[in-house]
Amino acid sequence: MEYDEKKFQRMANKYALAIWVIIDAILTVAYIIEFMKGAKTLPFLIAFVVICWLPVAIGVLFLKIKGMHTPLFREFVATGYGVFFAYSVFTAETMITFSYIFPVAGMLILYKNRGLLIRCCVANIIVLIVNAVRIYAMGLNTDRTMADVEVQVACTILCYAGYILSLKYITKSHEALLDSVKGNLKRVVETVQKVKGASNSIVDGMTVVRELSDENRDSADGVAQNMVDLTENNGVLQDKAEFMLNTIDTINGQVGNAANLVQEIDVLMQQSVSRAKLSSEQLEDVVKTTTEMADLSKEVESILKEFKEEFNMVKEETGTIEKITSKTNLLALNASIEAARAGESGKGFAVVADEIRDLSSGTKTSSESIMEALSRLEETSDKMMESISKTLELININLEKVMEVNSSVTGIRDDSIKLGGNVKVVDGAMQEVEKSNKEMVNNMGQVAEVMEVMTESIKQAAENTKVMRSKYEETSSNVVIIERVVENLVEDLGQGGFMSIEDVTEGMYLTLEQIENGAAKSIRGKIEERLDNGVTVSFDGDVFTGKNISHNVTIIVSNGMYRWENVTVSHIKDGRIKVLVEGNPKVLNRRKYPRMPISNPCEALIGHSKEPIHGNMVNISAGGFSFASKNNALMDAREQLVKIGVVNLNLEKGNKFVGHIIRVTDNDGEYIVGCRMLEDRKDVEEYVKKHYISE
């Protein structure tokens, strides 16, 4: 609301005119009643009404001409009503008329003009003194009359003195208020100047950040386009890879079949080798047996030759025997003949007998020779039979060996047939593999081309990423500058009175610092209720009060810390403590702590809900934390209070945290929630230093 002097002047004129009209109306009615009672005459009443209302009419006309805001109207009020007051005092028959001036004179305070009040006071006293002189001159004075005049003058002086002192107080108060406003305004102006400078710095920083953001957006668009190209090429590469995988599967199948066939070929070869070895051994046995048969054949041949010789000898002996037999027959015939002639001559018979005896001896000799030959033939026959038996046995053995060799050769032939078929299948598989390899080589050529394109895209993306990284570093430095400017701005705003106890709400935490004989002790507490100039707190420890104990208090409000010194502390019911503060706090920005990435499971309660939300932690610091969950209840959870418990996080003050949700980011259905703790946790700071920064 802007200050409009004409508006307040118009209000003062309006209020003064209203009181003037009201007092004139009351007095007019009173005098009309007096007239009706016969106490006043008509000429007096007419004169009274004219003197009473004519100044009012002139004043109203003046306001119409000059406007309701004209400051000269106060002079009309003082002069016009003063004339009416003088007429009333001079014509009144009672001493009470001196008080008619007070209602309108009191309204003159509205104009805040000390000189006007003094002039009116002097004029009123002059009127009262002149009236006293008039009474004295007319001989109407008495001791009581003079006492009344003294009382009138004293009351008038005291009333005006009260008006003037009241005006002085109001003026001083207004001046003090104005000085305070000017001081505050000066601080506001200085703060605004600082805000202006900070705003310029922030604007400059944000301009740089925006420009870097725009440039990064262009780079990001390039990276995105490269990613699109990579995605498309990845699609082609995936198709080629799938084709190659299918080809490799085919090759694997063919190689597997070939491997199986090779294994089978190996088995067949081993069988063939085994059978060939066996056949070789069997053939060696056959050769050995054949050699033995050849030796036996030679032996049989020798035996047969000997047998032939013996047989020829037997044949010769047989011929000899035949001759002997013929001779014997002939001799027998001769003997018969000689016997017939025996009688004639015994000499011839004797000769025959000698011949027969000789033949018998020859026959005997031949028989013995034959017997010997037959014996030898029997031996030779036995030898021959033995050789023939051995030969037959060897022939049977050879036959078995030959049958076995034939079986082995048949197996080798069958294995060779299978081997030939398998070799054909392997050859076909190898031709298929060769064909697949050619296709793979062609695909690999296409893949190489795609990889070249992808490599180029990756190089461009890498260059854009390097540029973005350098710009992000510059952005980060500008953000740090902006943070420092904002920190200084927050402190300046606190000093400028823009932050007060009204910013404090229930549930916030504070730290009370008790100082006794130079020794300080801090106690943590939670705000239960906010008062007009303080708070009621529940503390974790004992709070002491006394003349030698002073207290300072620090309250964490959002991202700042409000600090009051020399606060007033008193005990109230239920063990709570009342902390009263004066003036504006010293405001400090909350310290920024390093954040440690963690992924522990967690359970959160939002606001007054009793339904737990399950998720995983993202990071944690001494002043805040963030977690992620796919629960849709987090979508509108910003600015709400959150209580969270973290699994497997061993801290000195426990694994439960309370904070305000300051951001909710939707990451494809997963909500990343950033929270600011209600108080800084030193145990978390030590934990981060130990397990994260030290690494």
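Here, each number is a calculation from the coordinates, and none is a lab measurement. These numbers come from a predicted model, not from an experiment. Methodologically, a virtual Cβ is constructed for each residue, glycine included, from the backbone with ideal geometry; neighbour enumeration extends over all protein chains shown.
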Q: Starting from segment 539-643, pick out the chymotrypsin sites (Phe, Trp or Tyr not before Pro) whose DSSP state is loop and whose Cβ has at most 16 other Cβ atoms within 10 Å.
A: PHE544
Q | Cβ-defined net charge surrounding GLU565, 10 Å radius [Lys, Arg +1; Asp, Glu -1] | A | 0
Q | For segment 5-141: rounded, prolate or oblate by the Cα gyration tensor [a/c cutoff 1.5] | A | oblate
**Q.** Under Karplus coefficients 6.51, -1.76 and 1.60, residue-wise ³J(HN,Hα) of segment 66-79 in Hz, glycine/proline x
**A.** 8, x, 5, 9, 5, x, 6, 5, 4, 5, 4, 5, 4, 6
(Q) Please give me the summed charge of the neighbours of VAL60: other residues whose Cβ is under 15 Å from its Cβ, Lys and Arg +1, Asp and Glu -1. (A) +3
Q: May I ask for the net charge around GLU506, where only other residues with Cβ less than 10 Å from the Cβ of GLU506 are counted and Lys, Arg are +1 while Asp, Glu are -1?
A: 0
Q: Answer with one residue from ILE157, TYR169, VAL133: the one whose Cα lies farthest towards the positive end of the charge dipole of segment 26-183, charges on Cβ with Lys, Arg +1 and Asp, Glu -1.
A: TYR169
